[in-house]
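Following: one structure in structure tokens, then a few remarks.
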Amino acid sequence: MPTRTLNAVVSEPVFVTAEAMILRVAPDGWELPDYVPGQFAVLGLPGHAPRIPLSDPEDEPPDPDRFITRAYSIASSSKQKEYLEFYISLVRSGALTPRLFALKRGQKVHLGPKISGMFTLNQIPEDADLILMGTGTGIAPYISMIRTFITPGSSRRFAVVHGARHSWDLGYRSELSSLDRMVEGFDYVPIISRPGEEIIPWGGESGYVQDVWKRGIIADLWDREPSPDNTHIFLCGNPGMVNDTQEMLAADGYLEHTRKQPGQVHLERYW
Ligand SMILES: Cc1cc2nc3c(=O)[nH]c(=O)nc-3n(C[C@H](O)[C@H](O)[C@H](O)COP(=O)(O)OP(=O)(O)OC[C@H]3O[C@@H](n4cnc5c(N)ncnc54)[C@H](O)[C@@H]3O)c2cc1C
């Protein structure tokens with residue numbers, strides 16, 4: 001097992017809600033390697049790191065000196081190399097996230113120096129349009145792609161579909177809404193599953209990410225039916241959403257992309 005150290009420093013966490021935060025992590029005395037938007041890095045803390053009070057108590061405390069590590073998609077643009085940004089949700093019963101949520105500005109964390117993953121736009125034809133669907137923090141890899149690749153005048157269409165329970169759980173909503181207004185060919189479709197709990201009445205889509213496909217919302221926005229010939233679809237986050245949507249897309253002729261068999265559907269399951 002590689003030796004792990006507290007080799008990075010966190011900036012002020014930005015809380016989207018009490019259970020979702022945006023965290024920037026900078027390497028301490030070393031340089032970030034090159035990476036491709038959509039890839040992930042590993043964060044870790046030792047077992048003795050404190051947990052936030054909001055989390056569930058642990059049945060058995062972990063080995064205090066052993067690092068607990070997990071993968072996190074990078075949300076920052078690969079064009080800037082000072083830090084990596086992550087969008088992390090709290091799993092109250094989890095081993096690592098209750099410790100990450102207890103981090104304060106300037107504290108140390110382990111950042112794995114190797115950045116990996118195949119959930120990227122490499123190998124996607126340049127003229128293919130993209131539908132990027134995610135639940136919760138599963139929007140993170142798309143933020144990196146968008147921040148890196150959306151440029152004025154780019155001809156490729158991007159549609160970002162983000163599902164959450166409430167409007168206040170939709171991290172990056174302002175950034176994505178602004179892009180929707182300002183960038184020709186960029187569409188943002190937030191969808192919430194509990195509109196009845198909204199304080200300010202919700203005028204957007206209600207239901208689940210899958211419903212956006214079922215209702216033909218992208219076809220209406222694009223004024224044409226997306227087809228496997230000209231569209232690649234990315235699915236990220238909750239495995240239930242990924243599996244259901246993949247099944248639905250398969251019925252419409254979209255194949256899963258694997259190392260052995262090129263296809264138009266790209267999957268990243270968070271657990
Ligand atoms: C390639 C990859 C990229 C990932 N990127 C992100 C990311 O950008 N942001 C992010 O918040 N998470 C991401 N994850 C999930 C992350 O690696 C951890 O699994 C998660 O933070 C929980 O860690 P934990 O130690 O607190 O919980 P653990 O002790 O590992 O318990 C995890 C268990 O909690 C449940 N669970 C409930 N909600 C979640 C959830 N949102 N994520 C994972 N498990 C959940 C599942 O049953 C799971 O088995 C990614 C996972 C993978 C494989």
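What follows is calculated from the coordinates using simple rules that are stated; it is not laboratory data. These numbers come from a predicted model, not from an experiment. All Cβ positions, even for glycine, are placed from backbone atoms using ideal geometry, and neighbour counts span all protein chains on display.
Numbers below:
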read-out: Single unsatisfied condition, Pro98 versus (1) crowded, with 18+ Cβ neighbours inside 10 Å; (2) touching a strand residue (DSSP E or B) at 6+ places or on another chain (Cβ under 9 Å); value: (2)
read-out: Identity of the residue in the range 84-122, hydroxyl-bearing (Ser, Thr, Tyr) and over 30 Å from Gln264 (Cα atoms), that ends up nearest to the ligand (Cβ to nearest atom); value: Thr97
read-out: The range 70-83 - residue that is within 11 Å of the ligand (Cβ to nearest atom) and surrounded by 15 or more Cβ atoms within 10 Å (Cβ to Cβ) and, of those, farthest from Arg4 (Cα to Cα); value: Ala75
read-out: Residue list for the range 229-254, restricted to those being surrounded by 13 or more Cβ atoms within 10 Å (Cβ to Cβ) and within 15 Å of Gln123 (Cα to Cα); value: Asn230, Thr231, His232, Ile233, Phe234
read-out: Residue among Ser177, Ser193, Ser155 that is surrounded by fewer than 18 Cβ atoms within 10 Å (Cβ to Cβ), closer than 22 Å to Ala128 by Cα and hydroxyl-bearing (Ser, Thr, Tyr); value: Ser155
read-out: Listing of helices (runs of 4 or more DSSP H) fully contained in the range 206-271 that carry 3 or more residues being of a type in the set (A, V, I, L, M) and either within 16 Å of the ligand (Cβ to nearest atom) or over 20 Å from Gly136 (Cβ atoms) (or both); value: 217-222, 239-251
read-out: Where Asp211 falls short, out of the listed (1) exposed (fewer than 14 other Cβ atoms within 10 Å of the Cβ); (2) closer than 28 Å to Ile74 by Cα; value: (1)
read-out: Single unsatisfied condition, Glu58 versus (1) under 29 Å from Leu235 (Cβ atoms); (2) within 12 Å of the ligand (Cβ to nearest atom); value: (1)
read-out: Check on Thr135, of a type in the set (Val, Ile, Thr) and away from the ligand (no atom under 16 Å from the Cβ); value: no
read-out: Search result, residues across the range 7-45 that are in a strand (DSSP E or B) and free of Cβ contacts under 8 Å to residues at least 60 places away in the same chain; value: Val14, Phe15, Ala26
